[in-house]
Protein chains: 2
Amino acid sequence: MSAERPIAFTRGVPADESYPFEAIAECAAAAVGGAHRLRVQQYGPSGGFPPLREWLAERHEVAPEQVIVANGSLQLIDLLAWALLERGDTVFVESPTYDRTLTLLRRHGATIVGIPMEADGPDTDALEAALARHRPKLFYTIADFQNPSGATVSLAKRRRIVELAGRHGFRVLEDAPYRPLRYRGSQVTSLVELDGERTVHMSSFTKQISPGVRVGYAIGEKALVARVAKFAEDTYITPSLLGEATVFEFCRRGLLEPQLERLRALYRPRLEAACEAMRRHFPGCEWIEPDGGFFLSVSLPNGVTNEALRARAAERGLALSDGRGFFPNPEDGDRFLRLPFCALTPADIDEGVARLATVVRGLAS
Amino acid sequence: MSAERPIAFTRGVPADESYPFEAIAECAAAAVGGAHRLRVQQYGPSGGFPPLREWLAERHEVAPEQVIVANGSLQLIDLLAWALLERGDTVFVESPTYDRTLTLLRRHGATIVGIPMEADGPDTDALEAALARHRPKLFYTIADFQNPSGATVSLAKRRRIVELAGRHGFRVLEDAPYRPLRYRGSQVTSLVELDGERTVHMSSFTKQISPGVRVGYAIGEKALVARVAKFAEDTYITPSLLGEATVFEFCRRGLLEPQLERLRALYRPRLEAACEAMRRHFPGCEWIEPDGGFFLSVSLPNGVTNEALRARAAERGLALSDGRGFFPNPEDGDRFLRLPFCALTPADIDEGVARLATVVRGLAS
């Protein structure tokens, strides 16, 4: 037990103060009581609430049949795995990557190959080398402000990835929940914009509105989307139309852009506080400085492993994630630390990073 | 094309006029704006919205840890399959049974064995004989007003099923979405009441409130529920808390019982109209007369098959489901016809059954 106030650098969740409660309540009531009220209550298409599909199609400049809306985007990875993978098929992922995707891919019996992550995205030379040894069905990438590293894939690497996808015949699964949350700099062209045929683009309203609405979506070519929608129908018949109609109402009323602006204004100072704290307390340490999203990541000094660090940090009131969970080969994550910064105040971030630096120095010396 | 007004005996969906729109809208707004507002928007436990779990636990006289709430009950079958089945494992089902369960079990690589259904439930002698040849992990039963047959399992057969489950070491999956919709007679003790250790009991608010809220639940022993909740977390992190909190608010306000009374009052005359029409238009025909739920079923006369019937019926404006889809061995359903009656008015039911009888007579002669 620590006498110091607890600071959790664990789950990457939105800040409690980010939720537009009143607007969501009004939109939910309007969704259930309004013109679409029968469509919201009755069974509907497994691809999602049609007005929201249409709204998203317009936003992404695709046809509505290219959009599927589901109960959060993680579930779409499960459905895509059913639609695309046989047991034993190979999937490439960034190493590290989102731990829950690894869990789902393992569940589906995929052979997972990790491509080492660098500050500007996956090592594309390593990707090309791996393609000499494997024939992946899929390359899974979180190209913007990656969970867990915080890295954004450069435009050059994105071009190389889609070029290799075309040459070697694999699909790209671009998981982009953090893309609307850029706090500085300018957007890099998305992979789906570079190659709309080979890329499935996923996003979610979890980080844009709230996890509670439970609405994620994917965009891809029509035949694949139809196939995924069939698996969705066989799994849950109809997604949560109450949540989807609420989100549609929120978007229709023009509330999404102001909400994103509010989020960026809330999270930007937290990113700045985190970077400033890293520079002040961890001089000379290797870490990835993000331009958006929820996370930055640190390479711990030689000799400092996750296991020892988490035990010591707990004594100082710090909760840390085990970095190994983000790696296809867990031992590759022995010295990897993810720091989520959005659900903490700037003061807590500074205090937490300062304590962390003390613990790390104690272990390294 | 038919000049007659179209009548659809296809999907078993609630009647459009059954939905309590105003109450759901008020409950949704209260769920999102009320005391639980932060819990509803933030990530939460994968087992579902805690107040709803507690409410259901009290209703079913079990511990909250024995309840898992999910995005509809079909999804729980998928999660249970992950939690309980290896590919190649054997599952017993009633023959016929719910077609979507068959699809999910096939997806999970299960070996499916059908136990013939009789008017009072599965043939338990056939069940015992099958147990001499197979070691099932699970017996899936819809014991009340079965989809698709309309049959209810007698108390004697329920006792025999749990006795065999104990002796042969399989679990019983009791899918009971229609159980609260009994229109006459008295309830038969549920399988979970007979054996709470071996039985997983599933139900849903789809037929009690609406499909749109997308809330189903399962009750079982704690270790299994915890295992299913872990698969739920790995699949979608958190279920739709917006829907679950809306349902909780609906239940907390005491609206569920009056809603069920309204549903029974709405559907009872439809059941009576369907039975009356069967007696009038199909004298001498073999059919199962239900006491609740959404369906009755007919054994077509010798020589009348689903395929021919559906084509001719369409000429008379009748849409019919293919009975073969409900059978583990599709050819066993050649002469099986499911008739859902809840989403049709008594007048349409009578007219539809009359037309159907004419078509059947035309084919049989």
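Every number in this text was worked out from the coordinates using simple rules, so none of it is lab data. Source: prediction; values computed, not measured. No Cβ is skipped: glycine too gets one built from the backbone with ideal geometry, and neighbour counts run over all protein chains shown.
Quantify how strongly other chains surround peptide A:100-110 by giving the mean number of their Cβ atoms within 10 Å of each of its Cβ atoms.
2
Within a 10 angstrom radius of each residue's Cβ in A:28-38, how many Cβ atoms of other chains show up on average? Whole number is fine.
Mean inter-chain Cβ contacts per residue within 10 Å come to 6.
Where the eigenvalues come from the Cα gyration tensor of the range B:201-250, what are the semi-axes √(5λ) of the equivalent ellipsoid, largest first, in whole Å?
So the equivalent ellipsoid measures 21, 14, 9 Å along its semi-axes.
Say each of A:Arg159 and A:Ala35 gets a label point 7 Å from the Cα, pointing the same way as Cα to Cβ; how far apart are those two points in nm?
My value for the distance between the label points is 4.6 nm.
Please give the charge dipole size of the protein assembly as shown, origin at the Cα centre, charges +1 on K and R Cβ atoms and -1 on D and E Cβ atoms. Round to the nearest 20 debye.
220 debye
List the residues, sorted by chain then number, that are 5 or more residues from B:Ile115 or on another chain and whose placed amide H is less than 5 Å from its amide H.
Those qualifying (amide H under 5 Å, at least 5 residues apart or on another chain) are B:Val93, B:Glu94, B:Ser95.
Full-extension gain between B:Ala319 and B:Thr345, please, as 0.36 nm times their residue separation minus the C-alpha to C-alpha distance.
Once the chain is fully extended between B:Ala319 and B:Thr345, it gains 7.8 nm.
If you average the C-alpha positions of the range A:251-327 and of the range B:276-335 separately, how far apart do those two centres end up, in angstrom?
After rounding, the separation between the Cα centres reads 62 Å.
Run the helix sum for chain A: -39,500 (n - 2.57) per DSSP H stretch of 4+ residues, divided by residue count, reported at 222 nm to the nearest 500 deg cm²/dmol.
The per-residue figure over chain A is -13500 deg cm²/dmol.
Helix check for chain B. Which DSSP H runs span at least 27 Å along their own axis by Cα, with a mean Kyte-Doolittle hydropathy no less than -1.0?
The qualifying helices are B:256-281.
Between B:Glu272 and B:Phe21, 0.36 nm times their residue separation minus their Cα-Cα distance comes to what?
Gain in length upon complete extension: 87.7 nm.
Counting other Cβ atoms within 10 Å of each Cβ, which trypsin sites (Lys or Arg not before Pro) in the range A:56-114 have at most 15 and sit in a DSSP loop?
Answer by residue number: A:Arg87.
In peptide B:241-247, what is the residue-averaged number of other protein chain Cβ atoms found within 10 Å of each Cβ?
Mean inter-chain Cβ contacts per residue within 10 Å come to 6.
Remind me, relative contact order of chain B in percent, using alpha carbon pairs under 8 angstrom and six or more residues apart?
26 percent
Placing a label point 7 Å from Cα toward Cβ, how far apart in nm is B:Glu289 from its equivalents in the other copies, listed shortest first to one decimal?
List, nearest first: 8.2 nm.
Please find the FRET efficiency linking B:Ser299 to A:Glu286, where r is the Cβ-Cβ separation and R0 is fixed at 56 Å, and quote it to the nearest 0.05.
0.15
Find the relative contact order for the range A:140-213 and round it to a whole percent, using C-alpha pairs within less than 8 Å whose residues are 6+ positions apart.
Computed over the range A:140-213, the figure is 33 percent.
Could you list A:His36, B:His134 in order of exposure, starting from the residue whose Cβ has the fewest other Cβ atoms within 10 Å?
Least crowded to most crowded, the residues run B:His134, A:His36.
Starting from 0.36 nm per residue, how many nanometres of slack lie between A:Arg87 and A:Arg279 once their C-alpha separation is accounted for?
Stretched fully, the A:Arg87-A:Arg279 segment lengthens by 64.6 nm.
So what are the protein assembly as shown's ellipsoid semi-axes, whole angstrom, largest first, if each one is the square root of 5 times an eigenvalue of the alpha-carbon gyration tensor?
Over the Cα atoms of the protein assembly as shown, the ellipsoid semi-axes are 49, 26, 26 Å.
To the nearest 0.05, what FRET efficiency results for A:Arg106 and A:Glu257 with a Förster distance of 41 Å applied to their C-beta separation?
0.60
Sort A:Lys230, A:Lys207 by Cβ crowding within 10 Å, fewest neighbours at the top.
A:Lys230, A:Lys207
Could you tell me the center-to-center distance, by alpha carbons, between the range B:186-218 and the range B:347-364 in angstrom?
34 Å
Could you grab the relative contact order for the range B:219-309? Cα pairs under 8 Å, six or more apart, rounded to a whole percent.
Value for the range B:219-309: 13 percent.
Per the Kirkwood formula on distinct C-alpha pairs, the Rh of the range A:146-297 is how many angstrom?
17.6 Å
Classify the range B:255-319 as rounded, prolate or oblate, taking a ≥ b ≥ c as the square roots of the eigenvalues of its Cα gyration tensor: rounded when a/c is under 1.5, otherwise prolate if a/b is larger than b/c and oblate if not.
prolate
Over the alpha-carbon set of the range A:1-154, work out the extent along each principal axis and list the three values in angstrom, largest first.
The Cα atoms of the range A:1-154 stretch 56, 53, 30 Å along their principal axes.
With the convex hull built on the Cα atoms of chain A, state its orientation-averaged projected area in nm².
18.1 nm²
Within the protein assembly as shown, what is the number of lysine pairs with alpha carbons under 30 Å apart, leaving out pairs fewer than eight places apart on the same chain?
Eligible lysine pairs with Cα atoms under 30 Å apart amount to 23.
Based on the Cβ-Cβ distance from A:Arg184 to B:Glu58, what FRET efficiency comes out when R0 is 60 Å, to the nearest 0.05?
0.70
What spacing in nm lies between the two simple spin-label points modelled at A:Lys230 and A:Ala129, each 7 Å away from Cα in the Cβ direction?
It is 4.1 nm.
If neighbour count is taken as other Cβ atoms inside 10 Å, put A:Asp332, B:Asp195, A:Asp125 in order from fewest to most.
Taking fewest neighbouring Cβ atoms as first place, the list is A:Asp125, A:Asp332, B:Asp195.
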